[in-house]
Amino acid sequence: MKYLPINRELFIKNRKNFMAKMKPNGVAVFNSNDIYPVSADSTLPFAQHRDIFFLSGVDQEESILLLFPDAPYEHLKEILFLKETNEHIAIWEGEKLTKERAFEVAGIKSVYWLQDFHKVLKEVMMYADTMYINTNEHYRASVETETREDRFIKWWKNEYPAHKVEKSNPILQRLRSVKDQIELDLIQNACNITEKGVRRLLNFVKPGVTEYEIEAELAHEFLRNRSKGFAYTPIIASGNNANVLHYIENNQVCQAGDLILLDVGAEYANYSSDLTRMIPVSGKFTDRQKAVYNAVLNVKNEATKMLLPGTLWKQYHVEVGKIMTSELLGLGLITKADIQNENPDWPAYKKYFMHGTSHHLGLDTHDYGLLHEPMQANMVFTVEPGIYIPAEGFGIRLEDDVVIQPKGEPFNLMKNIPIEADEIESIMNS
């Protein structure tokens, strides 16, 4: 892996917290992701399942984690199963985890080769009453592909139909949404790498540059700082492309006078950053662009102040909508009549700001978190309002990643990345 070793105390703590929430005599199993084929003998780059990584730090295919806190024998309480490594594999694919190295990474003493999994599981299931299955229940999930985890769940339930079934996901939703300091440091590092990419661009962008050249500059900077690359598919949207919320073609020429919307973020050690900034192609905003820009910035700043322990998700977005409504009135984009006649289910401001303001951030860009529960300290959120005006040929979105504090306003992990319009102009013209 490109990233530096992570303190295994994080994973030891995560497992301890998870097992504390399990019912008596329960056993939980977590699988690595598949390596997905493209065609012929080609595959997509491996990306680890975030849950097994969260609980073990193992970043390798064909790995399984088994947790059985009430096991009658110590060696069955925490077990890692790994693809057996050997000299041939080391030559052709690179060295895989040895049992000794796995202990250094995860802090788990019982490590078996994968070929022993079914034999060990059979013994474990003799002692267990409940099996914890790991289903994907993220509120934005829409998965058509049957995953390795899905196949295992079907097999497990069929093989052991007399056992009670519980879900791991509700436990993980709560645990993963509240970050340990080690995790916050990793996310901060991802944000710092993103900052380097943005600063590189401020001296690179000019009329005639292409969106894909901008993407390439970012990729270069991310990779040279130990990132695998982008935490998600980058959006490099110049001109009217910014009004397409998930524009990813990144193939147009940036024209003089236009703005470029950058929705990009580096990953580091599987942790995401998520940033949006606006860059004027010619190095200067027009008066109208700056007026809209500052309106969005004000909404972002005011929304950030609301991210406090105890804040409820739905009410937060209602309040952000009120601030956005005021800004849109000031810009002349909506009228008081529009507000009086608005549909309560789709307020007037939604014509220009149609998406949510914030989402959880962590191992996934849209990370785990139960939206019906109050916000807590050490949760990480994005703050990303926008105003999109196709009739005027531009859209503006601004986004930072912030950590909720026990008291007071959130800590901005991206506070060092230029965001004021005047600062961006100054750097681009220096």
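Odds and ends about this structure:
- Flag if T98 is open to solvent by less than 60 Å² (accessible area, probe 1.4 Å), over 24 Å from D150 (Cα atoms), at pLDDT below 95 and in contact with a Lys or Arg (Cβ under 6 Å, 6 or more places away or on another chain): no
- If you filter the stretch 372-430 down to residues that are of a type in the set (D, E) and open to solvent by less than 40 Å² (accessible area, probe 1.4 Å), you find that the one that is farthest from Q255 (Cα to Cα) is D401.
- One residue stands out in the stretch 188-213 among those that are open to solvent by less than 10 Å² (accessible area, probe 1.4 Å) and in contact with a Leu (Cβ under 6 Å, 6 or more places away or on another chain): the one that is farthest from Y127 (Cα to Cα), namely G197.
- Residue within the stretch 74-82 that is over 28 Å from L186 (Cα atoms), touching a residue at least 24 places away in the same chain (Cβ under 8 Å) and assigned to a helix (DSSP H, G or I) present: yes
- Filter pass, K23 being open to solvent by 50 Å² or more (accessible area, probe 1.4 Å), out of contact with any helix residue (DSSP H, G or I) (no Cβ under 7 Å at 6 or more places or on another chain), among the charged types (D, E, K, R) and touching a residue at least 40 places away in the same chain (Cβ under 8 Å): yes
- Sole residue being at negative phi, touching a helix residue (DSSP H, G or I) at 6+ places or on another chain (Cβ under 7 Å) and modelled with pLDDT under 95, chosen from E144, E137: E137
- Residues (of a type in the set (V, I, T) and part of a loop (DSSP other than H, G, I, E, B)) located in the stretch 364-386: T365
Residue-wise test of (1) among the aliphatic types (A, V, I, L, M); (2) under 26 Å from E183 (Cβ atoms); (3) touching a residue at least 12 places away in the same chain (Cβ under 8 Å).
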site	(1), (2), (3)
E384	no, yes, yes
A391	yes, no, no
F394	no, no, yes
D401	no, yes, yes
F411	no, yes, no
I424	yes, no, yes
N429	no, no, yes
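- Residue in the stretch 81-101 that is in contact with a Leu (Cβ under 8 Å, 6 or more places away or on another chain) and closer than 26 Å to S177 by Cβ present: no
- Scanning the stretch 200-241 for residues that are among the hydrophobic types (A, V, I, L, M, F, W, C), part of a loop (DSSP other than H, G, I, E, B) and over 24 Å from A269 (Cα atoms) yields a count of 3.
- If you go through the stretch 26-47 and keep only what is closer than 22 Å to K154 by Cβ, open to solvent by 20 Å² or more (accessible area, probe 1.4 Å) and outside any loop (DSSP other than H, G, I, E, B), you end up with just P37.
- Options G332, G356; residue that is part of a loop (DSSP other than H, G, I, E, B), without any contact (Cβ under 8 Å) to a residue 24 or more places away in the chain and open to solvent by 20 Å² or more (accessible area, probe 1.4 Å): G332
- Residue ID - farthest from M375 (Cα to Cα), chosen from residues in the stretch 280-329 that are β-branched (V, I, T) and open to solvent by 60 Å² or more (accessible area, probe 1.4 Å): T286
- Of the residues V244, V253, the single one that is over 17 Å from Y352 (Cβ atoms) and touching a strand residue (DSSP E or B) at 6+ places or on another chain (Cβ under 9 Å) is V253.
- Only one of S272, S227, S238, S177 that is in contact with a Cys (Cβ under 8 Å, 6 or more places away or on another chain), at pLDDT 95 or above and small (G, A, S): S238
- Any hit, the stretch 48-64, residues being assigned to a strand (DSSP E or B) and modelled with pLDDT of 95 or more: yes
The values are calculated or read from the model by the stated rules, or taken from the named source; none is laboratory data. These numbers come from a predicted model, not from an experiment. Virtual Cβ from ideal backbone geometry, glycine too; neighbours counted across all protein chains shown. Please note that ligands, DNA and RNA were not included when accessible areas were found on the heavy atoms of the full protein model with its side chains. Shrake-Rupley method; radii C 1.70, N 1.55, O 1.52, S 1.80 Å.
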